[in-house]
Structure formats: C-alpha cells, structure tokens
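Here the structure is laid out as structure tokens; the discussion comes afterwards.
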Amino acid sequence: MSKTATLEIDGKKHEFPLIVGTENEVAIDIKTLRAVTGGVTTIDPGYKNTGACESAITFLNGEEGILRYRGYSIEELAEKADFLEVAYLLIFGELPTQEQLDKFNADIKEQSVVDDDIKKIIDAFPKSAHPMGVLSSLTSALTAFNPSSVNVDSEEEMYKTVCKIMGKFPVLVAWTMRKKNGLPLNYGDSSLGYVENILKMMFSKPNEDYKQNEILVNALDKLLILHADHEQNCSTSTVRIVGSAHTGLFASISSGISALWGPLHGGANQAVLEMLEAIKEDGGDTKKFMAKAKDKEDPFRLMGFGHRVYKNFDPRAKIIKVAADEVLADLGVEDPVLDIAKGLASEALSDEYFVKRKLYPNVDFYSGIIYRSMGIPVEMFTVMFALGRLPGWIAQWKEMRARKEPIGRPRQIYIGENLRDFKTIEKR
Ligand code: ACO
C-alpha cells in the first residue's frame, strides 16, 4: 500500500501520510490539512469516518466479531481472568502479577470509604430520580470531597484517584440502588473480592446475613468484564474530550455517565426489558411482535437484536448467553417476562428475516435477562453497565493524558447569516 494519500483542491495537490495500526487499520493523517490548504476542513457528523486518537487499549472488528483488550481476546479474559485483573490490564497495560494485583486490591480497599456527607446529597434526591442522574452527580461530587484529585499532573495523585474511583464507585452504585429500595446505606466488607463485595453492598438486608451465590458472582464478574471497554464509543469519547481540558478524573467520568445514560447508548438494556414487559402486558404473543418487527410500515424493532458494529455476531453475547442460562437454571426463576425473552430469541434465531440480516440477540439482551433475574430494578441496568465500563473510562482518560493529547475542539462549517446591520427594536 502507498504511504500517502493525495487530495486535490482547485487543481492543487496535497499529500497526507497514511497511518497503519498494528491490526492494519489505515487512516489518513490530516493534522496539517488546514495549514497546507489555507483553511479547508473536513465534516463528519457522528465521526463515522474520523479517528479521534491512536489507542493501544481495545481492538474490535465488527465484521469478524473480534473484541480484544490490550491484545487478549475477550473470550479468554472472560474465561480465565476476573474483573479486577481485567481492570488492571486495561488501566496499566499488562496483566498484573499476583503481587501487583494484591497491591492494587489493597489500595482500592483503602480508598473505598465514601465521606458520610455524601449520604446527605443522596437524601436530597427524590426517590423517583433516575439512578444514572444520581450516579453522575455523586461521581462529580467526589471532587468536592477529594479536592487534590484535580491535580492531574501528579502521577502519585492520579494513582490515588484511580484507586479512589475504583473503590468508591461501587459504594455509590449500591447506595443509589439501596436508596431506591428504601434500604440503609451500608458499607461492604473488605474481606470479600471486588465483585462479591458489590453484590453484598447491593443486596444485603439489615436483618439477615448475606449469602454469596457463586453463579451470580460469576455472571456479574463476566458481565463487568464484557462491558469494561469498547474503544471510542460515545461515553468514552466524552470522557477523553472532557479530560483533554485537563479536567479531573471524577468530573470526566461523571460526564461519561451522562453520555452512557442515553437510550441510544447504555440505555438499550433498559429498553429490552421495557419491550418484554410491554409484550407481556399485551398478552404475551411473541409471534405478533415478531411480525411487527418485520413489518416495514411498523416502526417497532426487537430491542436487543442487531448491533451497529457487530454485523455477524456479538462476541460478548455468545459468552453471556452461557452465564444467563446458568443463572436462570440456578435461581429457578419463574417469570413470564423471561419466558417471553426466551421465546423471542429462539424464534428470531430460526426466522429467515432475522437470519438473513444477521440480527442476533446482542449483549444487552442477555445482560437485561441476568439483571432481571438477579432482582436488579430495570432503571439500574445502565448503572450496572457504568460499573463495568469504569476501568475502560479510566484507561482511556489515562492514555489521553499520557499521550499529551491536545484539547478536543472540533471545527464546524458555519451555515448561518452573513454579516448584517443591527436593527433597533422598533424597526424589527
Ligand atoms: N428488529 C427488526 N429489524 C431490524 C432490527 C431489529 N432489532 N435491527 C435491524 N433491523 C433490520 C432493519 O430494518 C434493516 O432491514 P432492511 O435491510 O430490510 O432495511 C436491517 O435489519 C439492517 O438494519 P440497520 O438499521 O441498517 O442496522 P443498523 O446497523 O443501522 O442498526 C441497531 C443497528 C441500531 C443496533 C439496530 O439493529 C437496532 O435498532 N436494534 C435494536 C436496538 C438495540 O438493541 N440496540 C442496542 C445495540 S447494542 C449496544 O449498543 C451496546
């Protein structure tokens, strides 16, 4: 392949270097475009053709269903590593030795106490507040309680800040859910593993001992690993661009949570369950809704089917389907909503319309099923996504800082009025 791309404007040729990634992805490096062309820019709404950065964190190939963190396949990581190891891998670039993992774990535990005054902020929210809004606010509020965390130039301070957010975020997540469920805002148990502790903090009741269920721990561990990073998606790009102004980690992640909240992004898993509930309310006729999904005159789509990037299969869905089956079998939940989910999945997998368009259940479909059977309220589903995505956001923010990326500041093409004379109010 040639090493440059040529752009011709008004008969003048300009050469730009091609950048080739380690997986042979090719990009035209247009950093000098405006300078050499006298101000010509590019336009690409939604950045569908624009690489915002070079990154060594996550590789994905939607056509072939490949997802890798730092070069390790998602299948191998989900099978052999736990969430904390994966978090370390994403944030620091290599799988930890036992000693490194123990230290990271201990440092996180040391930082996992949340200032008790945060409870006052939680108390001020109405019970009906969406947990994503509450979580975003609380994460931003962490800066107020940890003011030195804005010292983004200090490596030592940033390591502490990473441990703080890894330790305090699960507490905020658990408290957000407990407030909704009317439960006391308890701490977890430092003797437990990271994921076990999350489950205990979310579900323990004040009047009984909490018993761990290994199948649930395994399913949640896998779900968090599968969601841990997905390269330059909307929330991750948000975290990087906010951080590019040298904003602190807590505020950058708070912005990422707001981006993830949207139904076109992390909100999809909530939409799956809402659709299943709606089908149940309508009488539970899955065939009727399959027909609606296929009817081009009908805007209805089967939520949780298809993916913008994965066009053959979602590698994460394959892994999580196994965990979903285990959870359902273990808990023996009898739930008409989950029966509808199973019915839709099996019908779609043998239906010509879905098979031809390669529309398979995606990760959100199965994650919704697992969260529902665990007893997590629908509105908390996106919060669980955020919990998994946390190490990815941290890793991307840290990489952006390490690469000394300039402040994110896109250009535009102005299409408004040309210069015009001001009219006094009586002449308008
Ligand atoms: N139900 C019915 N038909 C569908 C569905 C669906 N869920 N998804 C796609 N199709 C059809 C389209 O109508 C189109 O048919 P056509 O070729 O006859 O016109 C064809 O499949 C291709 O669909 P596109 O819309 O071009 O696919 P696109 O890549 O734009 O959309 C998307 C992907 C948005 C995920 C889509 O499949 C969808 O809306 N799915 C449901 C929502 C959902 O589950 N979103 C979460 C995705 S996972 C995540 O974001 C983490």
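So here's what we get for this one:
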{"read-out": "Yes/no for Asp335 being of a type in the set (Asp, Glu) and under 16 Å from Val363 (Cα atoms)", "value": "no"}
{"read-out": "For Leu273: the one exception among (1) hydrophobic (A, V, I, L, M, F, W, C); (2) open to solvent by less than 20 Å² (accessible area, probe 1.4 Å); (3) closer than 30 Å to Asp102 by Cβ", "value": "(3)"}
{"read-out": "Residue in segment 365-381 that is free of Cβ contacts under 8 Å to residues at least 60 places away in the same chain and open to solvent by 50 Å² or more (accessible area, probe 1.4 Å) present", "value": "no"}
{"read-out": "Whichever residue in segment 47-79 is in a helix (DSSP H, G or I) and among the charged types (D, E, K, R) and, among such residues, is surrounded by the most Cβ atoms within 10 Å (Cβ to Cβ)", "value": "Glu75"}
{"read-out": "Hey, Lys180 free of Cβ contacts under 8 Å to residues at least 24 places away in the same chain and in a helix (DSSP H, G or I) or not", "value": "no"}
{"read-out": "Any chance Ala329 is part of a helix (DSSP H, G or I) and either under 30 Å from Gln232 (Cα atoms) or within 15 Å of the ligand (Cβ to nearest atom) (or both)", "value": "no"}
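The values are calculated or read from the model by the stated rules, or taken from the named source; none is laboratory data. Predicted, not measured: the structure shown is a model, and the values here were computed from it. Heads up, the Cβs are rebuilt from the backbone with ideal geometry, glycines too, and the neighbour counts pull from every protein chain shown. Surface areas here come from the heavy atoms of the whole protein model, side chains and all, with no ligands, DNA or RNA. Shrake-Rupley method; radii C 1.70, N 1.55, O 1.52, S 1.80 Å.
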